[in-house]
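K.L.:
Okay, here's the structure, questions in a sec.
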Amino acid sequence: MSIQVAPSILAADFANLQSEVEMLNRSEADYIHVDIMDGVFVPNISFGIPVTEAIYRHSKKPLDVHLMVVNPDLYLEAFRNAGASVISVHLEACSHLHRSLQTIRSLGAKTGVTLNPHTPVSGLGDIIQDIDIVCLMSVNPGFGGQKFIENTYHKIARLKDLILSKGSKTLIEVDGGVNLENAPRLKEMGADILVAGSFVFNSMDPVKTIADLKAI
C-alpha cells in the first residue's frame, strides 16, 4: 500500500489561502491536515472554525482536523459541521476518550487520537479498535518547522505491534519534521500517513514534493 500524504495547511501562505488549497487539489495529497491550536493546550494559536469552513469550501480533499485544544468535546460537532472528515483529539486532553470517540463517530467522521512525544502507546491498548487513525507527534506540538524526534521510529514499531495484536485496522499517522530523508524509514516502520507542512509549502514545487513523498 502506498503511503498517504496530508500536507499541513498551517505552513501555507494565509494571504493566498484559496490558491494554496487549489494547489493541493491539483496534487496527489490524500488529505489536507488542519491544525487547530488554542494557545492553552499548546503554546501557540492558529485558527478556528471560520477558517476551517473556508478551507472546506475550496477543498476537493478530505480535511484531517487535529484539535490541539483543551476540552475538545466542546468543539467536535462544530468542526464536523465545518467540514472535517477526520477529527483527532489528544489523549492527554481527554478525560473520557471513549466517549469522545463515540461522539466523533456518531457525527459521521473518522476517529483520530494524537499522542505527544512523551506519551506511550500502551495507553491505547483498551481502545485501539475504536480508533481509525493514531497520530504520533514527532515534534512537540505548537509550532511548525521543528526537528524530527528520532525515538518516533521505535514508537511507530510499538504501535504497529499493538494494532496487529488487537486485530485492529487503525492507521498510523506521523506529524512533525517529515521529509524525504526520513519518510522511507517511517514507512518501513509502519507509518501509513505522513503529515508534512513546511517541507511541502517551502519547497520550490509543492505538487512535486507531495508526489515525491507518495512515491517512496
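The values are calculated or read from the model by the stated rules, or taken from the named source; none is laboratory data. This is a predicted model, so every value here is computed, not measured. Ideal geometry is used to build each Cβ from the backbone, glycine not excepted, and the neighbour counts take in all protein chains shown.
K.L.:
If a residue has to be of a type outside the set (Lys, Arg), assigned to a helix (DSSP H, G or I) and farther than 19 Å from ILE104 by Cβ to count, how many in the range 56-74 make the cut?
P.N.:
Within the range 56-74, residues that are of a type outside the set (Lys, Arg), assigned to a helix (DSSP H, G or I) and farther than 19 Å from ILE104 by Cβ number 1.
K.L.:
Also, quick follow-up: Would you mention how many residues in the range 101-148 are among the hydrophobic types (A, V, I, L, M, F, W, C), within 24 Å of ASP38 (Cα to Cα) and modelled with pLDDT of 95 or more?
P.N.:
12
K.L.:
Taking the stated definitions as given, is LEU24 in a helix (DSSP H, G or I), within 18 Å of the chain's Cα centre (by Cα) and either of a type in the set (A, V, I, L, M) or crowded, with 18+ Cβ neighbours inside 10 Å (or both)?
P.N.:
Against the criterion (in a helix (DSSP H, G or I), within 18 Å of the chain's Cα centre (by Cα) and either of a type in the set (A, V, I, L, M) or crowded, with 18+ Cβ neighbours inside 10 Å (or both)), LEU24 qualifies.
K.L.:
If only one of LEU162, LEU136, LEU194 is part of a helix (DSSP H, G or I) and crowded, with 16+ Cβ neighbours inside 10 Å, which one is it?
P.N.:
When all the criteria are applied, what remains is LEU162.
K.L.:
Further, regarding this structure: Looking only at the range 110-123, decide whether some residue is charged (D, E, K, R), more than 15 Å from the chain's Cα centre (by Cα) and either assigned to a helix (DSSP H, G or I) or under 25 Å from ARG158 (Cα atoms) (or both).
P.N.:
No: the range 110-123 contains no residue that is charged (D, E, K, R), more than 15 Å from the chain's Cα centre (by Cα) and either assigned to a helix (DSSP H, G or I) or under 25 Å from ARG158 (Cα atoms) (or both).
K.L.:
Could you please tell me which pairs satisfy a Cβ distance under 7 Å, a separation of 6+ or placement on different chains, a first residue in the range 81-92 that is at positive phi and outside any strand (DSSP E or B), and a second residue that is among the charged types (D, E, K, R) and modelled with pLDDT of 95 or more?
P.N.:
GLY83/GLU53
K.L.:
Right, next: Please work out if LEU159 is of a type in the set (A, V, I, L, M) and within 19 Å of HIS90 (Cβ to Cβ).
P.N.:
Answer is yes for this residue.
K.L.:
Could you say which residue among LEU180, LEU213 is farther than 15 Å from ILE32 by Cβ and modelled with pLDDT of 95 or more?
P.N.:
LEU180
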